[in-house]
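J.: Please find one structure pasted underneath; my questions will follow.
The values are calculated or read from the model by the stated rules, or taken from the named source; none is laboratory data. All of these numbers come straight from a predicted model, not from anything done at the bench. A quick note on method: Cβ atoms are made from the backbone with ideal geometry, for glycine too, and the neighbour counts reach across all protein chains shown.
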Amino acid sequence: MGQGIAQWFAQQNVLTEMVDQNHDFAKKSLEKIHQSFDKLEASGKLKSTDVQTFKKMITVKTLEEVDSKADLVIEAIIEDLSAKKKLFAELDNKMSSATVIASNTSSFPITLMAQGLSPERKKKFLGLHFFNPATIMKLVEVINGMETDKSLSSSLIHWFNDKKKIACECSDSPGFIVNRVARNFYGEALRAVESYDEQKCREVDNVMKEVGGFKMGPFELMDMIGIDINYSVTESVYNAFFQEARFKPHRLQRDMVAAGRFGKKSGKGFYNYES
Amino acid sequence: MNPNTMVVAHPDHPLYMELIKHYRVRTIDEALNTYEPCDLVIDLSPLRTQKKFLFLKELSKTTKAKIISDLTLSWGEWILKYAPQVGGALSTLFYAPNKAFEYTLREPHDADLKKAIDQFAEVMQMKAVEHKNLALSFHYPRTIAMIVNEAYFALGEKLATAEAIDLAMKNGVNYPLGPVEWGDKIGLHYVAQLLEELNTITRDERYRLSTELKLHAFKNL
């Protein structure tokens, strides 16, 4: 996800430094970004001069090397609360007092992640939740923690909107807007089939596309996202809402994960992708 | 005008204006109290399970015509099991972005009823999408009702504005409509009735209505 976010910022002519705990991984991500720029140029979607500029906008750094006066840091590491809090504590010490720190978390409360930060930084700490692929999907959820300075989120919303993103402000609640409101697109589909039956999954997908106008049905989408990831988000939202029945995971999700049927990436999910 | 078909519909039905152009449309009371010969009744009354069952029972006393019933707000499997006069069911009550509706036929199905559903779809310029495994409810209305309800829970908690919720769902996960505008198009009273019915049948708290939705649904009634 960080790769896509970094690429999008570079495409806005923003000097972007990409950092990963595994430096080689960051270098590989940069190569992929360059390849993506080249493809966009070859297909006529980007001009050659723009591609040269964008490539110059983005570099790979170690955490020690990053510009401590950067305006904004966006964290997009694994969804592990202690790992995130450790990183934020480091960034709080390292970065200038003017630097805004944001998390691309899809599940952890912003206020909880800001807990160990200095009082001044808490005002400059918020959630910026991008959607995959970040270079294409327009939405950014701008999430205010309890201490976030509201004028900061307002100016970020204006900035993103100027750059043709659609920035939606929301408060710090589990799943924010999308991961919360979309839960029952999957939840009801799972309850409609109850146990694994490919024909029934196909029927639900077909109805939701043909009648509801969705681009993908819930089972196709779970297969694409990864059934394990979808299950984990459902569990996370369910637990964050103190086991609210509306978000209760379904045993079929658990069983699919136990069977190693994660969706497209494992070759099998609700549908079979092995040729 | 199709002389052999009678449609039972409330003026509040989203297809009502189109229905009256092509069919003899009667209210529930008219259908029960006036004998009008016909071969087929397409019942689009917006009734929940118990009232729907009683209505269909009474209707079968006044006509021997084949019946296709809209079970958007009813427990479909139960009606098909206990109301043998119903040969097929459909769901037209919820506005659908694709001008389509779900339908199911009692198996082994009557070929004339399949033809009748196709003809109804053609006349209404809609697409009929088969749903073979009708259980608790048709797929589309139950899923959309839950999504709309969640948007109203979020609104009640001041998570975001209605505009932000709609924009986020359309641009974050490519929904054809935002859930708040979707609810407005369907009619929140129908969304509320379906969720209340699902809650009544299953006793599952997941179908609990948000108070914010209740507040707005009652205003619309």
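J.: (1) under 16 Å from the mean Cα position of the chain (by Cα); (2) among the hydrophobic types (A, V, I, L, M, F, W, C); (3) more than 7 Å from chain A (Cβ to nearest Cβ); (4) farther than 18 Å from A:PHE185 by Cα: which one isn't true of B:LEU155, the others all being true?
T.: The single condition B:LEU155 does not satisfy is (1).
J.: Out of A:SER48, A:SER82, A:SER29, report the one residue that is hydroxyl-bearing (Ser, Thr, Tyr) and surrounded by 15 or more Cβ atoms within 10 Å (Cβ to Cβ).
T.: On the way: A:SER48 fails: surrounded by 15 or more Cβ atoms within 10 Å (Cβ to Cβ); A:SER82 fails: surrounded by 15 or more Cβ atoms within 10 Å (Cβ to Cβ).
Within the list A:SER48, A:SER82, A:SER29, the selection yields A:SER29.
J.: Continuing with this model, one more query. Is it true that B:GLU102 is at pLDDT 95 or above, crowded, with 24+ Cβ neighbours inside 10 Å and either part of a strand (DSSP E or B) or charged (D, E, K, R) (or both)? Walk me through it before giving the result.
T.: On the way: at pLDDT 95 or above: yes; crowded, with 24+ Cβ neighbours inside 10 Å: yes; either part of a strand (DSSP E or B) or charged (D, E, K, R) (or both): yes.
Spelling it out, B:GLU102 is indeed at pLDDT 95 or above, crowded, with 24+ Cβ neighbours inside 10 Å and either part of a strand (DSSP E or B) or charged (D, E, K, R) (or both).
J.: Another question, if that's okay. Please work out if B:GLU197 is at pLDDT 95 or above and surrounded by fewer than 20 Cβ atoms within 10 Å (Cβ to Cβ). It would help to see each step written out before you state the result.
T.: Values: at pLDDT 95 or above: yes; surrounded by fewer than 20 Cβ atoms within 10 Å (Cβ to Cβ): no.
No; evaluated as a whole, the condition is false for this residue.
J.: Looking only at helices (runs of 4 or more DSSP H) that fall completely inside the range A:104-173, which ones have 1 or more residues that are within 11 Å of chain B (Cβ to nearest Cβ) and either more than 24 Å from A:PHE247 (Cβ to Cβ) or at pLDDT 95 or above (or both)? Walk me through it before giving the result.
T.: On the way: elements: A:110-113, A:119-123, A:150-162.
Here the list reads A:150-162.
J.: If you don't mind, another one. Does A:ASP197 satisfy the condition of being over 17 Å from A:PHE247 (Cβ atoms), in contact with a helix residue (DSSP H, G or I) (Cβ under 6 Å, 6 or more places away or on another chain), within 10 Å of another protein chain (Cβ to nearest Cβ) and of a type in the set (Asp, Glu)?
T.: Spelling it out, it is not the case that A:ASP197 is over 17 Å from A:PHE247 (Cβ atoms), in contact with a helix residue (DSSP H, G or I) (Cβ under 6 Å, 6 or more places away or on another chain), within 10 Å of another protein chain (Cβ to nearest Cβ) and of a type in the set (Asp, Glu).
J.: Go through the range A:254-263 residue by residue and tally those that are in a helix (DSSP H, G or I), touching a helix residue (DSSP H, G or I) at 6+ places or on another chain (Cβ under 9 Å) and surrounded by fewer than 16 Cβ atoms within 10 Å (Cβ to Cβ).
T.: Within the range A:254-263, residues that are in a helix (DSSP H, G or I), touching a helix residue (DSSP H, G or I) at 6+ places or on another chain (Cβ under 9 Å) and surrounded by fewer than 16 Cβ atoms within 10 Å (Cβ to Cβ) number 1.
J.: Sticking with this one: Of the conditions (1) of a type outside the set (Asp, Glu); (2) closer than 30 Å to A:ARG183 by Cβ; (3) without any contact (Cβ under 8 Å) to a residue 60 or more places away in the chain, A:ILE77 clears all except one; give me its number.
T.: A:ILE77 satisfies every listed condition except (3).
J.: Further question on the same structure: Identify all residues within the range B:42-88 that are part of a loop (DSSP other than H, G, I, E, B) and of a type in the set (S, T, N, Q); write none if there are none.
T.: Within the range B:42-88, B:SER45, B:THR63, B:THR72, B:SER74, B:GLN85 qualify.
J.: Among the residues of the range A:234-257 satisfying the criterion of being within 14 Å of chain B (Cβ to nearest Cβ) and small (Gly, Ala, Ser), which is nearest to the chain's Cα centre (by Cα)?
T.: Step one: of the range A:234-257, the residues within 14 Å of chain B (Cβ to nearest Cβ) are A:234, A:237-238, A:240-250.
Imposing the further condition that a residue be small (Gly, Ala, Ser) reduces the set to A:240, A:245.
Details: A:ALA240: 18, A:ALA245: 25 Å.
Checked the range A:234-257; the qualifying residue nearest to the chain's Cα centre (by Cα) is A:ALA240.
J.: Moving on. Among the residues of the range B:116-143, write down those that are within 29 Å of B:LYS21 (Cα to Cα), among the β-branched types (Val, Ile, Thr) and facing another protein chain (nearest Cβ under 10 Å).
T.: B:VAL129 - this is the single residue of the range B:116-143 that is within 29 Å of B:LYS21 (Cα to Cα), among the β-branched types (Val, Ile, Thr) and facing another protein chain (nearest Cβ under 10 Å).
J.: Give the residues of the range A:137-160 that are surrounded by fewer than 21 Cβ atoms within 10 Å (Cβ to Cβ) and within 13 Å of the chain's Cα centre (by Cα), sorted by residue number.
T.: The answer is A:MET137, A:LYS138.
J.: A follow-up question, please. Could you pull out the residue among A:ILE33, A:ILE77 that is in a helix (DSSP H, G or I) and of a type outside the set (S, T, N, Q)?
T.: Numbers: A:ILE77 fails: in a helix (DSSP H, G or I).
Within the list A:ILE33, A:ILE77, the selection yields A:ILE33.
J.: Consider the range A:117-131. How many of its residues are in contact with a strand residue (DSSP E or B) (Cβ under 9 Å, 6 or more places away or on another chain) and free of Cβ contacts under 8 Å to residues at least 60 places away in the same chain? I'd like the intermediate steps shown before the answer.
T.: Restricting attention to the range A:117-131, the residues satisfying the condition of being in contact with a strand residue (DSSP E or B) (Cβ under 9 Å, 6 or more places away or on another chain) are A:117, A:121, A:124-131.
Now narrow it down to the ones that are free of Cβ contacts under 8 Å to residues at least 60 places away in the same chain: A:117, A:121, A:124-129, A:131.
The total comes to 9.
J.: Do the conditions hold for B:LEU19, that is, is it within 18 Å of the chain's Cα centre (by Cα), buried (at least 19 other Cβ atoms within 10 Å of the Cβ) and assigned to a loop (DSSP other than H, G, I, E, B)? Working first, answer last.
T.: On the way: within 18 Å of the chain's Cα centre (by Cα): yes; buried (at least 19 other Cβ atoms within 10 Å of the Cβ): yes; assigned to a loop (DSSP other than H, G, I, E, B): no.
It is false that B:LEU19 is within 18 Å of the chain's Cα centre (by Cα), buried (at least 19 other Cβ atoms within 10 Å of the Cβ) and assigned to a loop (DSSP other than H, G, I, E, B).
J.: Also, I was wondering about something else. Looking at (1) on the phi < 0 side of the Ramachandran plot; (2) within 19 Å of the chain's Cα centre (by Cα); (3) more than 9 Å from chain A (Cβ to nearest Cβ); (4) buried (at least 16 other Cβ atoms within 10 Å of the Cβ), can you tell me which one B:SER210 breaks?
T.: Unmet for B:SER210, out of (1) on the phi < 0 side of the Ramachandran plot; (2) within 19 Å of the chain's Cα centre (by Cα); (3) more than 9 Å from chain A (Cβ to nearest Cβ); (4) buried (at least 16 other Cβ atoms within 10 Å of the Cβ): (2).
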